[in-house]
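S.K.: Here you go, one structure.
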Amino acid sequence: MIELKGVRWTYSGADGPTLDDFSLQVRRGETVVLCGPSGSGKSTALRLMNGLIPHFHDGTLEGTVHLDGQALADLPLDQIGRLTGTVLQHPRRQFFTDETETELAFALENFGVPPEKIRERVAAAVDDHGLGDLAGRSLQRLSGGQQQQVACAAATVHRPPVLLLDEPTANLSAAAVERFTATLRLLRAQGATIVIAEHRLYHLYGTADRFVVMRDGRIDESATIGDDGLRGLARPTRLQTPLTCAHGPSVAPGATAPLPRAGLRLRGIRCDFHGRRVLDIDESHLPAGTITAVTGPNGAGKSTLARILTGLQRHQGEVLLDGRPLTRTQRQRVSAIVMQDVQRQLFTDSVEAELRLEAGQGSGVHEVLRDLDLERYAGRHPLSLSGGQQQRLVVAAARLSGRRLVVFDEPSSGVDQRHLHSITRVMRDLAAEGAVVLLISHDEELLALAADQELRLRRLARP
């Protein structure tokens, strides 16, 4: 179904090829997982399969790429669109409408499917992907994980024979991952050909036909799952330590204890979007010197809490640092955040210059670059890096910020096993220096490595 033979691809302006003598054959109906260290070329391989290369990305292509027996470079874009469905690393970049159902219908409308058939297919996709709670919702008001669920459904609704997924579970809760995996099995049983670029592998064990390891733009025939840079197939041990705090309606029950002063204290935190309450915490304490994991289902208000604590979101209630109330402006000055879509936080023309924004001419830049395996990219433009490398760059900037509160919102998207440990070391160093460190994540491997305690939110019922 898909055949890449002797492919060498170099992005315009790049120092060298991203893929070099890359060959891969995916049989019809096969499910193949591309895994490997960050920057090994997984996303680029997917772009070759869906025609983004060479139709949209500039560069030099050698070798051949065939889709369903035809040279992909010669296929018109509408035909490629009928043959393939794609989910990008950051789904909001591929949305064309502003509402769940209209996004699901978009491809079908473009292909001229009759309206009654469109309604039937959209209803089936909502049911198959468990999107009932998201029906009628604005895409811009959904959480990152909820947007990812909509993007996965939109990629399949026109029933393409080839499905290409780039980190499709990066922001999904455990329950959403289970639903997604069940949908993959259904599509596989229906004969779809599926290629997934992924770091989190355990949920795909038993579903994938093959795991293909990539390294430095080639297939590494000698590598096995669990090698350096690769995550394992065993489900990680679930985080068990609850947060000791006084709980509001949106926090799962747990033990209570006297609250110390050092760190952040939340009192009566309420936040509403368009008449709907999304966060409701009576009282909680986030101690300094500790990594607190904020967990819960997609849409529970985790990223909203991060924006409140860093002064980016209006709210009711009070936030105190070391017993002193802070205004939103004061919180902005004492906090740093690693967002889900880190490209929004890249401003300069080189990796080193990006870190100088935080560190100035002070020491520590080269040490952090080395610790996060970015030293060789110091002169590169940040937007030329892979998704995982960009993630580590913004983590490095947070490390150098010197702020009292540092929030990591899904920092492991596009990050391999080795760099999970390096990101954990960054968080531990910050905590050891007395910072309040919050880790918002669904990544059970990262939670098992890094979290000292857990603040578990539950999604509030819709009125």
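S.K.: Got at least one residue in segment 139-146 being small (G, A, S), touching a Leu at 6+ places or on another chain (Cβ under 6 Å) and crowded, with 22+ Cβ neighbours inside 10 Å?
M.R.: Yes, segment 139-146 contains at least one residue that is small (G, A, S), touching a Leu at 6+ places or on another chain (Cβ under 6 Å) and crowded, with 22+ Cβ neighbours inside 10 Å.
S.K.: Return the only residue of R277, R333 being of a type outside the set (S, T, N, Q), assigned to a helix (DSSP H, G or I) and surrounded by fewer than 18 Cβ atoms within 10 Å (Cβ to Cβ).
M.R.: R333
S.K.: Let me ask something additional. If I filter segment 363-375 for residues that are farther than 25 Å from L279 by Cα, modelled with pLDDT of 90 or more and of a type in the set (G, A, S), do I get at least one hit?
M.R.: no
S.K.: Of all residues in segment 21-38, how many are among the hydroxyl-bearing types (S, T, Y) and out of contact with any strand residue (DSSP E or B) (no Cβ under 7 Å at 6 or more places or on another chain)?
M.R.: 1
S.K.: Can you pull out the residues in segment 351-377 that are assigned to a loop (DSSP other than H, G, I, E, B), exposed (fewer than 15 other Cβ atoms within 10 Å of the Cβ) and at negative phi?
M.R.: Residues satisfying the conditions are Q361, G362, S363.
S.K.: Kindly list the number of the only condition in (1) buried (at least 21 other Cβ atoms within 10 Å of the Cβ); (2) not charged (D, E, K, R); (3) not in a loop (DSSP other than H, G, I, E, B) that fails for T64.
M.R.: (1)
S.K.: Can you tell me which residue within segment 336-350, out of those that are among the polar types (S, T, N, Q) and not in a loop (DSSP other than H, G, I, E, B), is nearest to R403 (Cα to Cα)?
M.R.: Q345
S.K.: Would you point out which residue out of E103, E109, E120, E116 is outside any loop (DSSP other than H, G, I, E, B), closer than 29 Å to G388 by Cα, among the acidic types (D, E) and out of contact with any Gly (no Cβ under 9 Å at 6 or more places or on another chain)?
M.R.: From the options E103, E109, E120, E116, the qualifying one is E103.
S.K.: For L131, state whether it is surrounded by 15 or more Cβ atoms within 10 Å (Cβ to Cβ), within 21 Å of the chain's Cα centre (by Cα), farther than 30 Å from V7 by Cα and without any contact (Cβ under 8 Å) to a residue 60 or more places away in the chain.
M.R.: yes
S.K.: Which numbered condition in (1) without any contact (Cβ under 8 Å) to a residue 24 or more places away in the chain; (2) under 17 Å from the mean Cα position of the chain (by Cα) is the only one that K117 fails?
M.R.: Checking K117 against (1) without any contact (Cβ under 8 Å) to a residue 24 or more places away in the chain; (2) under 17 Å from the mean Cα position of the chain (by Cα), the one that fails is (2).
S.K.: Show the residue pairs meeting these rules: Cβ distance below 8 Å; 6+ apart or different chains; first residue within segment 402-418 and among the basic types (K, R); second residue in a loop (DSSP other than H, G, I, E, B).
M.R.: Correct list of pairs: R403/A435; R404/A288; R404/G434; R404/A435; R418/P37; R418/D228; R418/G229; R418/D373.
S.K.: Has segment 50-58 got any residue that is surrounded by fewer than 17 Cβ atoms within 10 Å (Cβ to Cβ) and more than 26 Å from V150 (Cα to Cα)?
M.R.: The answer is yes, given that some residue of segment 50-58 is surrounded by fewer than 17 Cβ atoms within 10 Å (Cβ to Cβ) and more than 26 Å from V150 (Cα to Cα).
S.K.: For segment 138-176, how many residues are of a type in the set (V, I, T) and under 12 Å from the mean Cα position of the chain (by Cα)?
M.R.: Number of matching residues: 1.
S.K.: I've got another one for you. Report whether or not G414 is out of contact with any Pro (no Cβ under 6 Å at 6 or more places or on another chain), in a loop (DSSP other than H, G, I, E, B) and at pLDDT 90 or above.
M.R.: No, not satisfied.
S.K.: Yes or no: A293 touching a residue at least 24 places away in the same chain (Cβ under 8 Å), in the same structural domain as A450 (by TED's automatic domain parsing) and either among the β-branched types (V, I, T) or in a strand (DSSP E or B) (or both)?
M.R.: yes
S.K.: If you check L164 against the conditions, is it in contact with a Gly (Cβ under 9 Å, 6 or more places away or on another chain), modelled with pLDDT of 90 or more, surrounded by 17 or more Cβ atoms within 10 Å (Cβ to Cβ) and of a type outside the set (K, R)?
M.R.: So L164 passes the test.
S.K.: Run down T60, T31 and say which single residue is out of contact with any Asp or Glu (no Cβ under 8 Å at 6 or more places or on another chain) and in contact (Cβ under 8 Å) with a residue 12 or more places away in the chain.
M.R.: Being out of contact with any Asp or Glu (no Cβ under 8 Å at 6 or more places or on another chain) and in contact (Cβ under 8 Å) with a residue 12 or more places away in the chain holds for just one of T60, T31, which is T60.
S.K.: Tell me which residues, restricted to segment 79-88, are surrounded by 22 or more Cβ atoms within 10 Å (Cβ to Cβ) and not aliphatic (A, V, I, L, M).
M.R.: T84, G85, T86
S.K.: Determine if segment 93-104 includes at least one residue that is under 19 Å from the mean Cα position of the chain (by Cα), buried (at least 22 other Cβ atoms within 10 Å of the Cβ) and closer than 25 Å to D443 by Cβ.
M.R.: no
The values are calculated or read from the model by the stated rules, or taken from the named source; none is laboratory data. Computed from a prediction, not measured in an experiment: that's the story for all the values here. Note that we place each Cβ from the backbone using ideal geometry, even for glycine, and neighbour counts take in every protein chain shown.
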